[in-house]
């Protein structure tokens, strides 16, 4: 029989785990242990040599288990499965999305370096970049949706730090506006400022699209980063983050993770393994429902504007539409809409929702609504928020797996006077 290439959604049930390792258990158990017993002193020595980067693994040699701050079966199997979606060499899972993002930034940036980033960003990342990295002596520069490659290269040159450009950090789609950035263009700009001694890295926060609807590594990114709390976890019961990339870069990420101690524990790993089995089903249902909810909102008299990728027009939104058609396989399940009447009107809608819960986060089985201006992006400077299109009347909606008719009913009654 010919070899068959299985789809990632099929491999989520069993990849990387053999039942005979655990008394025939069909599912990977929770390895709730702090340390692991070595078969011999020689094998313990070999495990540490590989774990601390003193040498590479030999052909056929597996990375041995040492201590759960370094590795754990639940964590390793989870990381192996997450690699499948992005076709990555390796993956590192953390106890939060911010842990994943800050570890990447801290490992690959040093004093004097320039970090170029998109805008808007998730509020926590925005704060870290604008307020913490400058304390380290890292220079930062933002760019905007619609900026051409020539414009971006010119802006980088104008900083006076072009020779120290170390990374381009991209959040696409942007939170909460759904603005898109061209990853191929970002890779081209990074290559323009790279040389034989230094590769300018491209890191992408892929949380909004999960690992199903966008694959940044295929477009030249070095890192695909997730708040695994969101679609990957998908049940609003776990906090986690993940980074996927090539072996060389991930070796450095995992090295710093070991010393910072911000890796995910076995219970978190087990919960995420469970969630991966339904990831594709959940995300496709959420996207289908979101399309119906967005259509209802667009037709409502009290809704001034709907930010939804499925509404991009090839003539009106030519640049954004082009990126969407090339880079994405779905319009996703995240949308924002602006209510006429500003903050007071938005708060009234949020307070009148019955099924949709007023809470931050996204990607869970339940639908969530929140007010970016005063919640997730409250720490962003007022003038900056307005320039980005984050208005007092904007509500961000994460669409869950409920029946679309029920969500539409809830929004309709919340929008009543």
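Quick rundown of the values:
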| item | result |
| --- | --- |
| Within segment 209-236, considering residues that are touching a strand residue (DSSP E or B) at 6+ places or on another chain (Cβ under 6 Å) and within 20 Å of residue 116 (Cβ to Cβ), the one surrounded by the fewest Cβ atoms within 10 Å (Cβ to Cβ) | 217 |
| Among (1) touching a strand residue (DSSP E or B) at 6+ places or on another chain (Cβ under 6 Å); (2) buried (at least 24 other Cβ atoms within 10 Å of the Cβ); (3) in contact (Cβ under 8 Å) with a residue 40 or more places away in the chain, the one test that residue 167 misses | (2) |
| The lone exception for residue 294 - which of (1) assigned to a helix (DSSP H, G or I); (2) in contact with a strand residue (DSSP E or B) (Cβ under 8 Å, 6 or more places away or on another chain); (3) not assigned by TED's automatic domain parsing to the domain that holds residue 357 it fails | (3) |
| Residues of segment 311-342 satisfying the condition of being closer than 16 Å to residue 287 by Cα and in contact (Cβ under 8 Å) with a residue 40 or more places away in the chain | 324, 328, 329, 330, 331, 332, 333, 334, 335, 336 |
| Residue check, residue 28 in the same structural domain as residue 204 (by TED's automatic domain parsing) and not in a strand (DSSP E or B) | no |
| Filter result for residue 305 (part of a strand (DSSP E or B), surrounded by fewer than 18 Cβ atoms within 10 Å (Cβ to Cβ) and in contact (Cβ under 8 Å) with a residue 12 or more places away in the chain) | yes |
| Which listed residue is part of a loop (DSSP other than H, G, I, E, B), over 25 Å from the mean Cα position of the chain (by Cα) and either in contact (Cβ under 8 Å) with a residue 24 or more places away in the chain or within 23 Å of residue 123 (Cβ to Cβ) (or both), from 355, 375 | 355 |
| Unique residue being within 17 Å of residue 12 (Cα to Cα), touching a residue at least 24 places away in the same chain (Cβ under 8 Å) and outside any helix (DSSP H, G or I) when the list is 83, 91 | 91 |
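The values are calculated or read from the model by the stated rules, or taken from the named source; none is laboratory data. Since we're looking at a predicted model, the values are computed, not measured. When we count neighbours, we look across all protein chains shown, and the Cβ atoms used for this are built from the backbone with ideal geometry, even at glycine.
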